[in-house]
């Protein structure tokens, strides 16, 4: 029982963090995109990669975070979230934003926990719809 509650808490924490990141960025998507692109203008990453990523990122955070909160497609959403976070870690290294990497690594640890302990995902819509 304790494992299942712990899992729920970790899943909700990660999901709400990701969902919240996307939620606050979507209404100001243009400004967010411009700021992200500007922060990479002196990096080796070309704008033709940074610009589309800056528009996809908030949507991915919102959608995958929402699914994780609900416990719907939990494992797939956690893996997709890991891909997003690994992209962010790589980007942070390119602009030498070492401070951001700590928070990203903590998020990755939550993702790894969610994936590794998915058997404890009892309080989830995955179980209601028989999704593994």
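The values are calculated or read from the model by the stated rules, or taken from the named source; none is laboratory data. As the structure is a prediction and not an experimental result, all values here were calculated from the model. Reconstructed Cβ throughout: ideal geometry from the backbone, glycine too, with neighbour counts over all protein chains shown.
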### Query
Is it the case that region 9-30 has a residue that's exposed (fewer than 15 other Cβ atoms within 10 Å of the Cβ), modelled with pLDDT of 95 or more and either under 17 Å from residue 94 (Cα atoms) or in contact with a strand residue (DSSP E or B) (Cβ under 7 Å, 6 or more places away or on another chain) (or both)?
no
### Query
Quick check: anything in region 74-91 outside any helix (DSSP H, G or I) and either more than 10 Å from the chain's Cα centre (by Cα) or over 16 Å from residue 22 (Cα atoms) (or both)?
no
### Message
Which count do you get for residues in region 46-73 that are outside any helix (DSSP H, G or I) and exposed (fewer than 15 other Cβ atoms within 10 Å of the Cβ)?
### Response
1
### Summary
Selection from region 48-63 of residues in contact with a helix residue (DSSP H, G or I) (Cβ under 6 Å, 6 or more places away or on another chain) and within 13 Å of residue 36 (Cα to Cα) yields 50, 51, 54, 55, 58
#### Entry: Members of region 119-130 found to be surrounded by fewer than 17 Cβ atoms within 10 Å (Cβ to Cβ) and either under 17 Å from the mean Cα position of the chain (by Cα) or closer than 23 Å to residue 20 by Cβ (or both), listed by number
123, 125
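Of all residues in region 23-45, how many are part of a loop (DSSP other than H, G, I, E, B) and within 30 Å of residue 127 (Cβ to Cβ)?
Looking only at that region, the number is 0.
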#### Entry: Odd one out for residue 85 among (1) surrounded by 19 or more Cβ atoms within 10 Å (Cβ to Cβ); (2) farther than 17 Å from residue 110 by Cβ
(2)
### Message
Filter region 31-45 down to the residues that are without any contact (Cβ under 8 Å) to a residue 24 or more places away in the chain and either surrounded by fewer than 18 Cβ atoms within 10 Å (Cβ to Cβ) or in contact with a strand residue (DSSP E or B) (Cβ under 7 Å, 6 or more places away or on another chain) (or both) and list them by number.
### Response
31, 34, 35, 37, 38, 41
